[in-house]
Protein chains: 4
Amino acid sequence: MRRLLIPEIGDPEKKTMGKMTLVDDGVIPSFGPGEVLVKVAYNGICGSDGHLLRGNIGNLRPMVLQLIEILGAIGVGHEFSGIIEDVGEKAAALGFQKGDRVTCNYYVPCHSCYWCRTGRENFCTHQDNRSAACAEYIVCDSSQVFKIPDKLSLKCAAMTEPFTIAFNAVEMAKVRLGSRVAVFGGGGIGQMAAQLAKCAGAASVTMFEPIEKKRELALSLGADYAIDSIHEDVAALSAEITDGLGFDSIIEASGASAAAVQALDLLSQDGNIVYFSMYNTEFNMPINLFSQLYQQQKHIHGMQTSAAIWPRAIQAMPRIQIEPLIQKMYTLEEYEQAFKDHMSGEFAKVMFHCNPDIE
Amino acid sequence: MRRLLIPEIGDPEKKTMGKMTLVDDGVIPSFGPGEVLVKVAYNGICGSDGHLLRGNIGNLRPMVLQLIEILGAIGVGHEFSGIIEDVGEKAAALGFQKGDRVTCNYYVPCHSCYWCRTGRENFCTHQDNRSAACAEYIVCDSSQVFKIPDKLSLKCAAMTEPFTIAFNAVEMAKVRLGSRVAVFGGGGIGQMAAQLAKCAGAASVTMFEPIEKKRELALSLGADYAIDSIHEDVAALSAEITDGLGFDSIIEASGASAAAVQALDLLSQDGNIVYFSMYNTEFNMPINLFSQLYQQQKHIHGMQTSAAIWPRAIQAMPRIQIEPLIQKMYTLEEYEQAFKDHMSGEFAKVMFHCNPDIE
Amino acid sequence: MRRLLIPEIGDPEKKTMGKMTLVDDGVIPSFGPGEVLVKVAYNGICGSDGHLLRGNIGNLRPMVLQLIEILGAIGVGHEFSGIIEDVGEKAAALGFQKGDRVTCNYYVPCHSCYWCRTGRENFCTHQDNRSAACAEYIVCDSSQVFKIPDKLSLKCAAMTEPFTIAFNAVEMAKVRLGSRVAVFGGGGIGQMAAQLAKCAGAASVTMFEPIEKKRELALSLGADYAIDSIHEDVAALSAEITDGLGFDSIIEASGASAAAVQALDLLSQDGNIVYFSMYNTEFNMPINLFSQLYQQQKHIHGMQTSAAIWPRAIQAMPRIQIEPLIQKMYTLEEYEQAFKDHMSGEFAKVMFHCNPDIE
Amino acid sequence: MRRLLIPEIGDPEKKTMGKMTLVDDGVIPSFGPGEVLVKVAYNGICGSDGHLLRGNIGNLRPMVLQLIEILGAIGVGHEFSGIIEDVGEKAAALGFQKGDRVTCNYYVPCHSCYWCRTGRENFCTHQDNRSAACAEYIVCDSSQVFKIPDKLSLKCAAMTEPFTIAFNAVEMAKVRLGSRVAVFGGGGIGQMAAQLAKCAGAASVTMFEPIEKKRELALSLGADYAIDSIHEDVAALSAEITDGLGFDSIIEASGASAAAVQALDLLSQDGNIVYFSMYNTEFNMPINLFSQLYQQQKHIHGMQTSAAIWPRAIQAMPRIQIEPLIQKMYTLEEYEQAFKDHMSGEFAKVMFHCNPDIE
């Protein structure tokens, strides 16, 4: 089968770029009794895929280099959907069968470590990462695979993984009925977070984003306000929107250092802000303990992907508009153009149609 | 000023009806330094107003009889909005002023009892109940008074008190992103709860209601399903809607004993159900401890009005459609017809326009 | 190896008793790559073991009969500790090794069903139940096995499974700093729940229990009050203890219908009560919706065993006194006497020392 | 009556010290209908009293200077207990009476602002601050006054206000059964927080404190470990205590910048840390967004005093040892020595016995 591989990652210090290649080994992979073979329909490109190619992945770098040394190359792609092609015996007993329309989590938690057994599989110390879905087929453990509702298209279902990030962020930011919410960054996850915040009962949602096209997209998808975070008077406009109280909940989805600082200042007393992007590893955000914490009782949450929320997220997914976020579609052969477009930062989501015969 | 009074409540045992009268004493009431004088715009009739008139108020009856003996009559009306006509000095210092468009909570908590000081003012042991807003004016303590946003009409704002009940119920039922929700009873609060559940992120909302007109209203306001709880196969339809899992959250807003029992059966394992109506005081609902609690881990919540959620509720109020629920409007003089229509059970909400010169 | 089996369960209708037998097949069981072989140190008898033997297990009965038909007999024992004797390759990679002192959860969740993937493995629809630890050896999946801290003896560690029930109940009852707590039933789980409630910050803990010896045990283990729930004036004494407010949190651990009713009456407004015992399947508890739910806003929680709390529970376990609850110890050969003593109801916990060479 | 006043605060820039004086105007203050007159038994000196005297109070300074200009001087003391000497009519109706043993919150919230009405009175925008209890009498609004249980001495009850801070911090840090907890700073609040964390179910409590005497005190009051945060290998010892996982909950009670940074590094993935001290207003703590937030999902909480937890806190207070923290006792006349000893930093709590005839 054909699959997209990275045999060499870039080096940010030497400013060299990594390499990518499409191979076809003509083999459909075999699978174990608890596994299923998924024929991949769609796979979206994640910001982290670009970070990986550029080698710009901070303290994860040694681990990746080691993997490439062992395997020769590492696969690409962890935002995908598809159709079950075949199932192992044990997977069949668990209710999976050929023809099931599915989306998948990209890793298999060990279920035996401290983190797995306290409900936080996102920190699993022995996880088996299966991120190689820019391919025609992928083998998944049954615990990774989720059937999708009829009303969700395979194309939209490929957005499930980033959607769970947006979902987790909205819940960690404690968005609830009547909240005044801000989202920083109008990329794919930011646009989904803004919609989800509204969907979770926000009185108002404000998108902060320097690119006009992305602000317009946010407004068209239901945001109440969209502010140019570089050229407009952010503090004054925020005060007007929130009756001078600041935002109850803020989701920082831009990954930009300047936005990270700006966002914290706009948070209400006793408000909640969530940071979940792969920030510049060198950047240290200054927090004034006296004013931000002692006086204003702000709550600052980190977030590392998502864990046991997938079934609810999939239930909630048809509530928001996913289709307008998928702005470019490519075949696997077009991978160079796809990554070029992804890295332009102009598109909310760029996606591969891995098996164009599946809709 | 004119105001609607009940000098005598009914007796359910003797099957006698209470009396109601509209008096005009020509006096505009005086107020203290921490109080404001509100010119009442609108006041809705609550189910409890009808219970009061009929005397059908269970163990609250002795208290009401005592109040009537002391005061000669008790006032009617606790769902209201209006415009501030005048303010006491201390209320002014707190930011209230003539012309403010407001809605009010109907009681003043003591702020000194155990319940008030643990954030549960709805159980205040020394509350001063000011339920007499079927009148041209009412005096309120500043702690009762809430300014309303421009985009909320005074007419809709008169629904704030019942809206806070729906709001509290939706939160107590733990409705969240992706929840499958059921609401029993398509009266005013039920219709608001159904909309709020959707607004809080429910994957689907199902209205159970025997009256067709109310089911249609629910669907027109955004419910996904509406089921005739008497004539349809409730269990089968619920299983279909919830993939056989039962509802994650149920809000019992009908007050009917049969519905109360039916609702619990449709609740999912580990689901949450809320009961907040003035049920028949004689009715004891049977709960099978082995199946409902030990095996299915259901969570059954009582609810007594609402407490510290008013500011958030008012923020959230413009998110739902209130106007279609206000189906009849009367002047104070038309009180007999108004109560007759209210008691017919046909209308989601019947309301007085207490000062027709205010819109 | 020797192991205790039930080839036939009782029939409550015909009032016949089940049978139990100790077999020795001379075989040490084999295990898979993700499994470990545990040499069992201790195994406690659970109330449900007695229910099983008597056949008194309500709607679970058909399932058990089917299992016996398939397997010839079912094993006994799911409250155990031991030492790892051997490990599969995959289990070794996850950090388990020969000599580890361990306790085990009795079932393997599928990790692929809706319930597992929403963090509620206690409702797993495909769980593999491995309750046969009244034996010299048992094979466990690595996801079931928990290493125990040095300061926890193997004897006490055999109480982990019932301890997690008490732990889950205390948290579900929302016991926190300053709570006034009541526990009904001074058996093993009740005594642990009473201690844990104190350990979780309860201002006071009151044990309701008709048997004097069990009340004395509760007091000696730190309960503040112990009340004879049959012969004392329960309402008056509770009012005295709680300043007339009722208990904030109640854990019903007796399984008795009368206690279940009594407990609910003693709950405070807005209080939380938990029911988790295998109650008489015929019993329906009456709840007055008007007073208990509408007026008093009580929260009634069912509970089905426990899920992702084991690591925390094991951490907390050395905080309470377990040793005094283990009141009788037997070899596997003495099983008849052991079950007789268990069923007398006189002892908090009766236990087997399955391999007397391990301490 | 005699009372301690500050007619002039210090100036940190000019390095001048403020002034303090004891006056006796021979007048017992009058009170309103909703108020009570409290004869003060004990009043503890708070760190913020020292900050006030030195003028070292950051952006609160202009407000204090204005108050002194208006009033001539400001009172001292907000950690107190006493006996009700007389009550207004309305306070009497609420259940207060002469002779009641009480402790008091130092401010009267307005109950009409956004913050009060969302249950966060600690942010009240119109609060009436009554901090002048280093005096023989003080007038309190009934909403400030809390009766204390018989088993709590007036001396210990004077610690209620700082106790509520410790209480709030322990809850905000999400300490629960089985948590591994660290407390930084062995002053009065730190020592209470350490005890409360244990009392709330912590598996272990570790005190980080450079002063040996305070470490010893912590150990004698139940802490499991005490580490010299300056001279010992903090990272290695913490790893040993927490099985390499880091602390689940950390309460930073030292107010020192270095400790604030050190504490965050020792927090577990997904752990909670609380900052509530009056830190140096110039200090900005650097947080690495990539590692601390994105990778490790830490939760950083500010905290501004406490709100609706007083009744529960008073219930919980007898669970910990308060007496050993009150290490020096003075009459009002001895105020100079008292403040000197307070500022030495050697004592957990220094206290005035304002009316030595009351025990």
Mind checking the alpha-carbon convex hull of chain A and giving the volume per residue in Å³? 143
Can you tell me the dipole magnitude for chain D around its Cα centre, using point charges on the Cβ only (Lys, Arg +1; Asp, Glu -1), in Debye to the nearest 20? 620
By the C-alpha gyration tensor axes a ≥ b ≥ c (rounded if a/c is under 1.5, else prolate when a/b exceeds b/c, else oblate), the shape of segment C:197-276 is rounded
How do C:299-309, B:73-83, A:233-243, B:184-194 rank on mean C-beta neighbours within 10 Å, highest first? B:184-194, B:73-83, C:299-309, A:233-243
Taking θ as phi - 60°, what are the ³J(HN,Hα) couplings along segment D:301-312 by the Karplus curve (6.51, -1.76, 1.60), each to the nearest whole Hz, with x for Gly and Pro? 10, x, 8, 10, 6, 8, 10, 7, 10, 4, x, 5
Shortest first and in nm, the label-point separations between C:Val23 and its counterparts in the other identical copies (7 Å out along Cα→Cβ) come to 5.2, 8.8, 9.3
Starting from the Cα gyration tensor of segment C:1-126, take the square roots of the eigenvalues, sort them a ≥ b ≥ c, and report rounded, prolate or oblate (rounded when a/c is under 1.5, otherwise prolate if a/b is larger than b/c, else oblate). oblate
Dipole of chain B (Lys/Arg Cβ +1, Asp/Glu Cβ -1, origin at the Cα centre): which of B:Thr331, B:Ser30, B:Met192 lies farthest to the positive side? B:Ser30
Hey, got the average number of other protein chain Cβ atoms within 10 angstrom for residues in C:172-182? 4
If amide hydrogens are placed 1.01 Å from N in the peptide plane, which non-local residues have theirs closer than 5 Å to the one on B:Phe352? B:Asn43, B:Gly44, B:Ile45, B:Tyr330
Can you list, shortest first and in nm, the gaps between the label point of C:Phe283 and those of its counterparts in the other copies, using a point 7 Å from Cα in the C-beta direction? 2.5, 5.7, 6.0
Treating only Lys and Arg (+1) and Asp and Glu (-1) as charged, each at its beta carbon, one finds that segment D:60-204 has a dipole about its Cα centre, in Debye to the nearest 20, of 740
Would you mind telling me the antiparallel percentage of the DSSP bridges in chain C, rounded to 5? 55
Angle, helix B:61-71 long axis vs. longest principal axis of chain B, Cα atoms, 0 to 90°, nearest 10? 10
Hey, could you pull the Cα Rg and Dmax for segment C:150-253, both in Å? 13.4, 45
Here the relative contact order (percent) of segment D:89-173, from C-alpha pairs under 8 Å and at least 6 apart, is 32
If amide H atoms are built 1.01 Å from N in the plane of the peptide, which residues on other chains or at least 5 residues away come under 5 Å of the amide H of C:Gly271? C:His299
Inter-copy separations for D:Ile70, label at 7 Å along Cα-Cβ, nm, ascending: 3.7, 6.9, 7.8
How large is the dipole of segment C:1-53 about the Cα centre if only Lys and Arg carry +1 and Asp and Glu carry -1, each at its Cβ, rounded to the nearest 20 debye? 140
Take peptide D:115-121, look around each residue's Cβ out to 10 angstrom, count Cβ atoms belonging to other protein chains, and average those counts. 6
For peptide A:315-325, compute the average count of partner chain beta-carbon atoms within 10 Å of each residue's beta-carbon. 3
Quick one: helix D:160-172 against the long Cα principal axis of chain D, what's the angle to the nearest 10°, folded into 0 to 90? 30
I'd like the antiparallel share, as a percent to the nearest 5, of DSSP beta bridges with both residues in the protein assembly as shown. 60
For the interface of chains C and B, what total accessible area is buried with a 1.4 Å probe, rounded to the nearest 100 Å²? 4000
Quick one: in chain A, whose Cβ comes closest to the A/D rotation axis, and how close in angstrom? A:Ile300, 2
Under 21 Å Cα to Cα from A:Lys14, which lysines show up? Leave out anything in the same chain fewer than 8 places away. A:Lys340
Pairs of alpha carbons in the protein assembly as shown whose separation is greater than 64 Å (percent): 12
Solvent-accessible heavy-atom area per residue, rounded to whole Å², over chain D at 1.4 Å: 36
Would you mind listing how long segment B:214-334 runs along its three principal axes, going by Cα atoms, in whole Å with the largest first? 53, 31, 30
Unit charges at the beta carbon, dipole of segment B:108-188: most positive-side option, B:Tyr137, B:Ser179, B:Thr164: B:Ser179
What number, in percent, do you get for the relative contact order of chain A if the mean sequence gap of Cα pairs under 8 Å and at least 6 apart is divided by its residue count? 17
In what sequence, highest mean first, do A:248-259, C:122-133 appear when ranked by Cβ atoms within 10 angstrom? A:248-259, C:122-133
Packing-ranked peptide list from B:310-322, D:18-30, highest mean Cβ count within 10 angstrom first, is B:310-322, D:18-30
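The values are calculated or read from the model by the stated rules, or taken from the named source; none is laboratory data. Bear in mind that the values here come from a model prediction, so they are computed numbers and not experimental data. Cβ coordinates were reconstructed from backbone atoms using ideal geometry, including for glycine residues, and neighbour counts include every protein chain displayed. Surface accessibility is based on the protein's heavy atoms, side chains included, excluding ligands, DNA and RNA. Shrake-Rupley method; radii C 1.70, N 1.55, O 1.52, S 1.80 Å.
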